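Down below is the structure, laid out as structure tokens.
The values are calculated or read from the model by the stated rules, or taken from the named source; none is laboratory data. Keep in mind it's a predicted model, so treat the numbers as computed, not measured. All Cβ positions, even for glycine, are placed from backbone atoms using ideal geometry, and neighbour counts span all protein chains on display. Note: areas computed on protein heavy atoms with side chains; ligands, DNA, RNA excluded. Shrake-Rupley method; radii C 1.70, N 1.55, O 1.52, S 1.80 Å.
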Amino acid sequence: VSMEHLAARPSSALRALHRSRPGCLWTPVRQLARRTVAEQSHLRSGERSDSADTRGWREVRHDFLDDDETPFDRGLLERLKRSGYATGYSQKSACWRKRGDADGQYLGCGLDGDFPMSGGLPEVAIVGQSNSGKSSLLNSFLGSLGGDGIAPVSSKAGWTAYLSFFRLSAELRGSTEPRFVLVDMPGYGDAVADSAMRRRWRHAIRSYMRDRKELLSVLVLVDAERGLEPEDTDMVRRLVTRGTPHNVVLTKCDLLTPLQLAKCHHLVVHELGELGSDSAVDTNLPMVSVHTGVGVHELWERLLVGVSEWTENQGISID
């Protein structure tokens, strides 16, 4: 597939590349991004800026999602049209924010193995690209959907420089107690840090996931506009190889139409299936928007159910 073909018809060219040489997709896309990226991006207030490569990938991905030949699940599309994804507003999330039944406490941070203790609570780690919304998702769990919250968010990609630990409490069965520790990790991909610091991040993340006994599950955040990128694929492959429980979560879903989101969901599930990820078994991947709150409450409840089941299996009282 020539660069001219890729530039003229990105979606059909991407599909041809997938069929002929699956491993070679990223290089020509990066080349195309440098040539065709738009100068203006659709940043919202407080949202991090992307690199030229990332914005170019978004443009190509949008063309792919707009292609009539891209498959999707019609049942999922109908559900998305009836939900807050079509209106950009979630009544359930709005009521949950007013109720304020979740609370968080900062425990500390670490990078070279000097991690704070979780106090016997299970840990859920959040990983993803530098601009996938990890810190924003943590804040949204606590009812802060506007960018402010317990975890700092900056306009600079790569602002999270350490593994930060937060103890989250919530009401469950009439009792409000600490339920689990959420670990906010540095993002991979584009960042303001130098190459040496990014290597330290990779080493710290891999060491934590390999050695941390308290780790219960990993949330892999994937920007719905960008889909699975090579770094995401590498992370999922490592989790599958080690047998680490994980879930893939699509973020920034308010930036796509319901039809685009249904196509993105179908493609990501298909790619996860090829990687052997258990997330592909779940044909309803979590989809959230911390900007509108859609899907946040459902993901939070899903986490609480998983933590509750683990606690009961360990024979620990949660009441």
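Brief remarks on what is shown
- Residue match in region 71-81 (condition: at pLDDT 80 or above, in a loop (DSSP other than H, G, I, E, B) and surrounded by fewer than 17 Cβ atoms within 10 Å (Cβ to Cβ)): yes
- Residues of region 100-123 satisfying the condition of being within 22 Å of the chain's Cα centre (by Cα) and of a type in the set (Ser, Thr, Tyr): 106
- Considering only residues in region 212-247 that are among the acidic types (Asp, Glu) and touching a residue at least 40 places away in the same chain (Cβ under 8 Å), the one that is surrounded by the fewest Cβ atoms within 10 Å (Cβ to Cβ) turns out to be 214.
- Helices (runs of 4 or more DSSP H) wholly inside region 202-316 containing at least 2 residues that are of a type in the set (Ser, Thr, Tyr) and more than 14 Å from the chain's Cα centre (by Cα): 296-313
- Positions within region 82-124 being at pLDDT 90 or above, open to solvent by less than 40 Å² (accessible area, probe 1.4 Å) and assigned to a strand (DSSP E or B), in sequence order: 108, 123, 124
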